[in-house]
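If you scroll down you'll find the structure; I have some questions about it.
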Amino acid sequence: MRNGRRHTGIAWLSASDPPDAFPPVAHALENPNGLLAAGGDLSAERLLTAYPRGIFPWYEDGQPILWWSPDPRAVLRPAELRVSRRLARTLRQGTLQCSADSAFDQVIANCAEPRRYGGGTWITAEMAAAYQALHRSGWCHSVEVWADDRLVGGIYGLAIGRVFFGESMFSRRRDASKIALAHLCAYLQQQDYVLLDCQDWSAHLQSLGATLIPRAEFVAQLQQFCQPQGTPGSWREPFAQFLHMPQCLAWRR
């Protein structure tokens, strides 16, 4: 998948195809798991059509845009996040501060630095620009973790309806990305979100409370919960207010 070889048995899209020109996710390959289509573009219209159908882009420089819908799907319900004793202690100490939508470009740049599987970053310049555009239009959000004025961790993704589609997170200090995730899950609960899509399964995600569900079940939940609620917009001020609410401060007791 990551050496640029041509895949067979998948749909090939052109940039002129309508945003909803994806085949049914049931047509995705079993090997590699979930590969559905290639080509197209990363326009806001196509991305906002893809995610509620359980489809996301993932590719490297030198490859066409690759679209995926793995089966099963890794998800985390915000209320089921597992907070270890060590993480709870760090949260109670309050030595690191959190914010939202205050440094989106910095978060995505930091997420792009580590190599996901050693062969190059999957957050290409084209990908970063697409999510930055979605951020400016209020669909894409980041949660940042700060040590004084230094950004040490963060997470970003898309919020559609009552589902948050997590894209990537980074940490420059122990547990910083987990602190970002804990604050994100608490905020999602307060805002009545029901699902955080984790896309890929890993033992690390399992330790945080993620589970695997069949793709068909995942897509059915998206159909129910991805109906837009309210108007997309910045989380910066609502999140700052949330930080002072009892729901957010509970772990500090």
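I'd like to check something: does segment 173-180 contain any residue that is open to solvent by 10 Å² or more (accessible area, probe 1.4 Å) and in a strand (DSSP E or B)? First the steps, then the outcome.
Initially, segment 173-180 is screened for residues open to solvent by 10 Å² or more (accessible area, probe 1.4 Å), giving 173-175, 177-178.
Those left that are additionally in a strand (DSSP E or B): none.
So far as segment 173-180 goes, no, none of its residues is open to solvent by 10 Å² or more (accessible area, probe 1.4 Å) and in a strand (DSSP E or B).
Name the residue, out of ASP192, ASP200, that is among the charged types (D, E, K, R), open to solvent by 10 Å² or more (accessible area, probe 1.4 Å) and over 23 Å from ASN110 (Cβ atoms). First the steps, then the outcome.
Details: ASP200 fails: over 23 Å from ASN110 (Cβ atoms).
The conditions single out ASP192.
Please enumerate the residues belonging to segment 193-211 that are of a type in the set (Asp, Glu) and at pLDDT 95 or above. Talk me through it step by step, then tell me what you get.
If we filter segment 193-211 for residues that are of a type in the set (Asp, Glu), which is where we start, we get 197, 200.
Hit for segment 193-211 is ASP197, nothing else.
Output the qualifying pairs, or none if there are none: Cβ atoms under 6 angstrom, residues six or more apart or on different chains, first residue in segment 84-103 and at negative phi, second residue small (Gly, Ala, Ser).
Qualifying pairs under 6 Å: LEU96/ALA147.
Something else now. Being of a type in the set (Ser, Thr, Tyr), assigned to a helix (DSSP H, G or I) and either buried (at least 21 other Cβ atoms within 10 Å of the Cβ) or modelled with pLDDT under 95 (or both): is that true of TYR156 here? Step through it out loud before you land on a result.
Details: of a type in the set (Ser, Thr, Tyr): yes; assigned to a helix (DSSP H, G or I): no; either buried (at least 21 other Cβ atoms within 10 Å of the Cβ) or modelled with pLDDT under 95 (or both): yes.
Spelling it out, it is not the case that TYR156 is of a type in the set (Ser, Thr, Tyr), assigned to a helix (DSSP H, G or I) and either buried (at least 21 other Cβ atoms within 10 Å of the Cβ) or modelled with pLDDT under 95 (or both).
Could I ask something else about it? Being in contact (Cβ under 8 Å) with a residue 12 or more places away in the chain, more than 27 Å from PHE225 (Cβ to Cβ) and not aliphatic (A, V, I, L, M) is the filter here, so list the residues in segment 139-149 that pass it.
The one that is in contact (Cβ under 8 Å) with a residue 12 or more places away in the chain, more than 27 Å from PHE225 (Cβ to Cβ) and not aliphatic (A, V, I, L, M): TRP146.
Going by the conditions given, is LEU66 of a type in the set (A, V, I, L, M) and farther than 25 Å from GLY40 by Cβ? Walk me through how you get there before you give the answer.
Values: of a type in the set (A, V, I, L, M): yes; farther than 25 Å from GLY40 by Cβ: no.
No; evaluated as a whole, the condition is false for this residue.
Condition first: under 23 Å from LEU47 (Cα atoms) and in a strand (DSSP E or B). Can you find one or more residues in segment 185-192 that meet it?
For segment 185-192, residues under 23 Å from LEU47 (Cα atoms) and in a strand (DSSP E or B): absent.
Conditions (1) farther than 19 Å from ILE123 by Cα; (2) within 11 Å of the chain's Cα centre (by Cα); (3) modelled with pLDDT of 95 or more, marked per residue:
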position: PHE164; (1), (2), (3): no, yes, yes
position: GLU167; (1), (2), (3): no, yes, yes
position: ARG174; (1), (2), (3): yes, no, no
position: CYS185; (1), (2), (3): yes, no, yes
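Restricting attention to segment 21-51, which residues are open to solvent by 30 Å² or more (accessible area, probe 1.4 Å) and within 14 Å of LEU222 (Cβ to Cβ)?
Matches in segment 21-51: PRO24, LEU48, THR49.
Would you check which residues across segment 203-232 are out of contact with any Lys or Arg (no Cβ under 8 Å at 6 or more places or on another chain), touching a residue at least 60 places away in the same chain (Cβ under 8 Å), crowded, with 17+ Cβ neighbours inside 10 Å and assigned to a helix (DSSP H, G or I) and list them?
Within segment 203-232, LEU205 is the sole residue that qualifies.
The values are calculated or read from the model by the stated rules, or taken from the named source; none is laboratory data. Every value quoted in this text rests on a predicted model; they were computed, and no experiment measured them. Counting neighbours? That spans all protein chains shown, and the Cβs are built from the backbone with ideal geometry, glycine included. Heavy atoms of the whole protein, side chains included, go into the accessibility calculation; ligands, DNA and RNA do not. Shrake-Rupley method; radii C 1.70, N 1.55, O 1.52, S 1.80 Å.
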